[in-house]
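Just so you know, all these numbers are worked out from the coordinates, no wet-lab data involved. As the structure is a prediction and not an experimental result, all values here were calculated from the model. No Cβ is skipped: glycine too gets one built from the backbone with ideal geometry, and neighbour counts run over all protein chains shown.
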Amino acid sequence: MNFQLTYKKFGETGILVEWPAKIDVDIMQDIVSFEKLVCKDQKVIETVIAYNSLMIRYEYMYNYTLHYKYRKSFSRTVEKLKELYAMERKTIQQKQKIWKIPVCYDLSFGLDLEELSEAKGLSVDKIIQLHSSTDYLIYFLGFQPGFLYLGGLNEKIHMPRRDNPRLRVEKGSVGIGGEQTGVYPQDSAGGWNLIGKSPIDFFDITKSKPCFAKAGDLIRFESVDLETFKKISEEVNKERYQIKNL
């Protein structure tokens, strides 16, 4: 399925490709598939995926002068992108990784679990079960380095953001904000409803790949008790913990 795309200049070396403006699984899969083709061009040095767009940055600046043979015009580059998008892409198989993320839903971490339980008329155990029984699609990374924008939260536990955001939310806190759920990768102010905490690092600048996951991957939260949470935390601190994926 091909969508109607628009192409815009993005700075001096980039092009912003936009899909229909909505959050949609088919659109995300189409973006990820197209990005794989785009990245085969050696002149592409960076791509950034969002809900309905792909930013492509090239090595050479756009320049309409003819004396520098490597510099290409915006219109010529867009035409090549259109040709690429029109290609048959069904043969490209997207292998989605499922990252298994431990989360402790103890009330010492889930500061808003009881309030959420009362608001939704569900037991705390039911909320935990609903939250940890879904594979969440990663749409893109943003807000903070390593913050994963996830889609797929069960509508039974949708909850508006808090009227009064907390000045400090601890790194690893798992929250619900409206129709989304996510994990705070660093200490931060935040207004999401906190339901648990993960002991793993979602962003580590010392690694060649600071964030283990990417757009198009899936996240599966796994409930662990407080004792297991502490054991995993120790392993993470000693750099012995390996995040599991399927």
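If you stretched the chain out fully between M1 and R168, how much longer would it get, using 0.36 nm times the residue separation minus the C-alpha to C-alpha distance?
Numbers: separation 167, 0.36 × 167 = 60.12 nm, distance 4.39 nm.
Full extension of this stretch gives 55.7 nm more.
Note on F74 and E222: their simple-model spin labels are 4.9 nm apart, each label 7 Å out from Cα toward Cβ.
In the structure shown, do any of K97/K120; K197/K231; K120/K244; K22/K126; K97/K156 have a Cα-Cα gap over 21 Å, and if so which? Walk me through the numbers on the way to the answer.
Details: K97/K120 32 Å; K197/K231 14 Å; K120/K244 32 Å; K22/K126 30 Å; K97/K156 26 Å.
Too far apart for the 21 Å limit: K97/K120; K120/K244; K22/K126; K97/K156.
Which of L226, L122, L54 has the fewest other C-beta atoms within 10 Å, and how do the rest follow up to the most?
On the way: L226 13, L122 16, L54 23.
Neighbour counts put them in this order, fewest first: L226, L122, L54.
The dipole here belongs to the chain: it is taken about the Cα centre, uses +1 on the Cβ of Lys and Arg and -1 on the Cβ of Asp and Glu, and is about 1160 debye. In terms of overall dimensions, the C-alpha atoms belonging to the chain reach 66, 39, 38 Å along their principal axes, ordered largest to smallest. Extending 7 Å from Cα along the Cβ direction at V25 and again at I243 yields two label points whose distance is 2.2 nm.
Rank I49, I101, F229 by how far each Cα sits towards the positive end of the charge dipole of the chain (+1 on Lys, Arg Cβ; -1 on Asp, Glu Cβ) and give me just the farthest. So the residue furthest toward the plus end is I49. Can you find, among I128, P210, I243, the residue farthest towards the positive end of the dipole of region 98-245? Put +1 on the C-beta of Lys and Arg, -1 on that of Asp and Glu. Value computed over the given set: P210. Here R76, R220 are placed in order of increasing Cβ neighbour count within 10 Å, fewest first, which gives R76, R220.
Relative contact order, percent, of the chain when contacts are C-alpha pairs under 8 Å separated by at least 6 residues?
Details: 463 pairs, mean separation 48.3, N = 246.
Contact order relative to length: 20 percent.
Secondary structure note: in region 98-245, about 75% of the DSSP beta bridges are antiparallel.
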